[in-house]
Amino acid sequence: MEIPPQEAPPEPGAGADADADGEEAPAEPGSPSGASSPADGRLKAAAKRVTFPSDEDIVSGAVEPKDPWRHAQNVTVEEVVSAYRQACQKLNCRQIPKLLRQLQEFTDLEQRIHCLDLKGEKLDYKACEALEEVFKRLQFRVVDLEQTNLDEDGASALFDMIEYYESATHLNISFNKHIGTRGWQAAAHMMRKTSCLQYLDARNTPLLDHSAPFVARALRIRSSLAVLHLENASLSGRPLMLLATALKMNMNLRELYLADNKLNGLQDSAQLGNLLKFNCSLQILDLRNNHVLDSGLAYICEGLKEQRKGLVTLVLWNNQLTHTGMAFVGMALPHTQSLETLNLGHNPIGNEGVRNLKNGLISNRSVLRLGLASTKLTCEGAVAMAEFIAESPRLLRLDLRENEIKTGGLMALSLALKVNHSLLRLDLDREPKKEPVKSFIETQKALLAEIQNGCKRNFVLVREREEKQQLQLSASMPEITVTEPQPLEESGDLPAIGSQNGAPSPGPGPDSDSDSDSDREEQEDQQDQQRDEGGTDQRSSAPCPALIPSADSLGPGDRSPPGSPSPPAEQRISVSSPGRGHKVFVVTRVESPPERPEPPVPPASVSSPPPSPPSPPASPPAQTVDTQDPESPEPQPEPAQAGQTLPNGLKPEFALTLPPEPRPGLEAKGGACSLEHGRQQAGGAASRGQSGGPAGHTVTLSFCSGWSVMS
């Protein structure tokens, strides 16, 4: 006897669960106390529970993904050739002799090989599958599959291999008209997933309405492509709309080639104008051999105005543009800041179009190359271009070939080149144009030669300018230091060479010609020896010995009497630059505030001292005089004995002519200066210095060794 469903006995444990549930759930306020209704009991009795195993029991095992390069480690050419031949035998397909010859020529298999050229070979599905044995072992920079008669199956297999093994950075699939939807879908997947693919050439490969969405989605979401060739790909209409919309958000693409796509002047040009408004990373846009027309050029120029940075090259070759369209270009050019190349060749622009273009070109500050070949120009248009050449300081190339430019136009261009120093190439027809006067033909030839010579002159000037810039970059920068004045006692790092050990150091005077490197090196060696022998206790606190210029070379404000005190708030600005060898050329400029009026100084009584040695010469200007403490002992010159030489290499007889020791004070360096510059010259310089005006700017020129100055 069957038991009714409502009276079915509960499962084991169901009653206990129900009781437990009943105990845990308190009765709601307001609900009738007592057991639940029979219907609720039957539902609870029929409820089932679902349990899951623990986490450790869910995953029974794991498999690591296959390494795509497990076959490419320490591979040899013989292994690659053998694997390819075995694959061809297994798939029962023909081996490609061109491929085998290239494989035999490969040497370095660890790096990307330059090119795998399969251009013109017919690749069916089986031939493409056999190529996997090559792609799984080798990587290439360029894989050329041009005109290989790919179908949907073969193209899908090849694109999947290139995506999986990252086989190429440059891929050429041009002239394959039967790729189909599945082939383009695989190509879009490859563009989206492959991070190494930078260049895709799909010329003469139709991208139709049902295939364009895949490519547009790949370019919008993620793509590493920098160069995309889609010439003659039937893009007019919906494919171009999808492509332009996707590229508005693409920041990686740099070059886009859309020639020979029959793009119209309405919808297609409007999409391109919107693309230029929003995309600032595109650098080259090639629209040659389309039907943009003047109406479409208006849309493109609206987008061109927004290109503050980005578009560098715009090619509008053969788009049926006239002088009306040149007005739009002339208004857009002053706003563009990145456009460097503008090609308007093979458009019936005419002289009026060039006049509309001229003012915009003059206002523009970025155009370097302008193409106006075969634009129906005559001498009038050439004169307008000559005005632009004369005004442009940066134009590099101008193409005016295939135009009727005769003697008048050539003369204007030649005159413009005489004031232009940037134009390096002016393309004109080599053969002179026919003239009613035969002598004008010779004039045209002469003008063409002048124009060519002007371009050559500019080229030489540019090259010289670049060489000068390179020399300036290679030379060390000058060191400029501003130092506050310090007491003479603190600047004891550079000893006074002229008064050490009582031995004067003869040096070339301002009128002497002995300024060669060898003479200075000998003097420095002698000075170094004297510093080593003199000890640290006899070092003076004077700066590096200076060659004092004559007072005639100083201005009226640069002459100061020897006894004038130095101002308390002076600043010294030193500029040093490397000289020949290890010498350093130092220029020191002492700046001081305006001088207070001082008592008059009596004029010098003697213009030049007598030639006798005992007479002490006059002291040089006060800014370059070495002063010493009167209480400090003054080193006395010792008489040289016969047969011995002085430390500086002079003859012993010269010591007998040394002047007597002057009194301590400002004239302590008088004897040294008289031997350094010659007694008569020093006396004359001193007399000229004493006759000068109040103390002003003092310029000190000195030649010292690099280590002594920089210390």
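The values are calculated or read from the model by the stated rules, or taken from the named source; none is laboratory data. Remember, predicted model here, so these are calculated numbers, not experimental data. Don't worry about glycine lacking a Cβ; one is built from the backbone with ideal geometry, like all the others, and counts go over all protein chains shown. Ligands, DNA and RNA are stripped out before the accessible areas are found, and what is left, the full protein with its side chains, is counted by its heavy atoms. Shrake-Rupley method; radii C 1.70, N 1.55, O 1.52, S 1.80 Å.
Structural remarks
- Where labels lie 7 Å past Cα in the beta-carbon direction, separation of Lys177 and Arg94 in nm: 2.1
- Taken about its Cα centre, the stretch 121-195 carries a charge dipole of about 220 debye when Lys and Arg each add +1 at the Cβ and Asp and Glu each add -1 at the Cβ.
- Theoretical gain in end-to-end length, Ile362 to Val59 [0.36 nm per residue, Cα-Cα removed]: 101.7 nm
- Cleavage-rule hits (chymotrypsin sites (Phe, Trp or Tyr not before Pro)) in the stretch 156-194: DSSP loop, at most 12 neighbouring Cβ within 10 angstrom: none
- Unit charges at the beta carbon, dipole of the stretch 143-256: most positive-side option, Ser234, Phe175, Val143: Ser234
- Bridgeable lysines around Lys376 (alpha carbons under 21 Å apart, same-chain partners fewer than 8 residues away excluded): Lys358, Lys406, Lys433, Lys434.
- Whole-Å distance, taken between Cα centres, linking the stretch 80-106 and the stretch 236-253: 40
- For the stretch 182-315, projected area of the alpha-carbon convex hull averaged over all directions, nm²: 6.8
- Whole-percent P(r), the stretch 292-367, all Cα pairs, 5 Å bins from 0: 3, 18, 30, 30, 16, 3, 0.
- Computed over the stretch 183-295: relative contact order in percent, which uses C-alpha pairs under 8 Å that are six or more apart: 25
- Placing a label point 7 Å from the Cα of Arg369 along the Cα-to-Cβ direction, the residues of the stretch 319-347 whose backbone N falls under 20 Å of that point are 319, 333, 336-347.
- Computed with a 1.4 Å probe over protein heavy atoms only, the accessible surface of the stretch 164-274 comes to 38 Å² per residue.
- P(r), alpha carbons of the stretch 264-416 - 10 Å bins starting at zero, rounded %: 12, 45, 33, 9, 1
- Sequence of Asp144, Asp124, Asp55 from largest to smallest accessible area, 1.4 Å probe: Asp55, Asp124, Asp144
- At the listed q of 0.10, 0.12 Å⁻¹, the Debye profile of the stretch 343-480, built from one uniform point per Cα, gives log10 I(q)/I(0) equal to -0.37, -0.50.
- Cross-link partners of Lys119 among lysines (Cα-Cα below 29 Å; sequence separation of 8 or more within a chain): Lys90, Lys98, Lys136, Lys177, Lys193, Lys262
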